[in-house]
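Structure record follows, encoded as structure tokens.
The values are calculated or read from the model by the stated rules, or taken from the named source; none is laboratory data. Nothing here was measured: the structure is a model prediction, and the numbers come from that model. We place every Cβ from the backbone using ideal geometry, glycine too, and count neighbours over all the protein chains shown.
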Ligand SMILES: CC(C)(COP(=O)(O)OP(=O)(O)OC[C@H]1O[C@@H](n2cnc3c(N)ncnc32)[C@H](O)[C@@H]1OP(=O)(O)O)[C@@H](O)C(=O)NCCC(=O)NCCS
């Protein structure tokens, strides 16, 4: 994934209701994530168009997965699984033992993750606190 991919990636992500865009998805936020985690982030290019993405990173303890997306016209051909393998391998090579991701409970992509070896935790609640701004918590537009 490259900084120049930004606008094409925003277009890809915007097409999916299950993918929330937040302040972290500003160009500045995107570039700063790539500076820290670029080796764990991958874009898929087909005929000069970005058709897939995954952004992964870690804080030296755990890995995190964001913005897994595959253009609708290409879904069901193994691209999502290949993207996840690339991100997981990169994290594994950095010595990260476990990774987490957040997904809305009604997103059918949960089935995809289950097929690729992820499991839902029932012993953990996600707790959040807004640190900048006065946004409400827990709505689709402000995760
Ligand atoms: C989730 C997503 C990335 C999967 O990409 P993909 O390229 O279609 O996935 P793959 O073709 O690699 O699928 C791998 C396996 O998961 C299955 N699968 C994929 N999406 C599925 C779904 N929504 N429901 C059930 N199974 C699914 C595939 O059938 C395949 O199974 P198989 O190995 O038995 O054939 C894609 O559906 C997507 O972009 N969704 C919208 C964005 C999104 O919600 N992302 C997650 C945000 S957290």
- Complete set of residues in the range 82-95 that are loosely packed, with under 14 Cβ neighbours inside 10 Å and either in a helix (DSSP H, G or I) or within 10 Å of the ligand (Cβ to nearest atom) (or both): 89, 92, 93
- Query: Applying the selection to the range 112-135, what residues are over 30 Å from residue 75 (Cβ atoms) and at pLDDT 95 or above?
  - Reply: 123, 125, 127
- Just for the range 22-53: of the residues that are free of Cβ contacts under 8 Å to residues at least 12 places away in the same chain and surrounded by 11 or more Cβ atoms within 10 Å (Cβ to Cβ), which one is nearest to the chain's Cα centre (by Cα)? 24
- Members of the range 96-111 that are in a loop (DSSP other than H, G, I, E, B) and closer than 24 Å to residue 17 by Cβ: 102, 103, 104, 105, 106, 107, 108
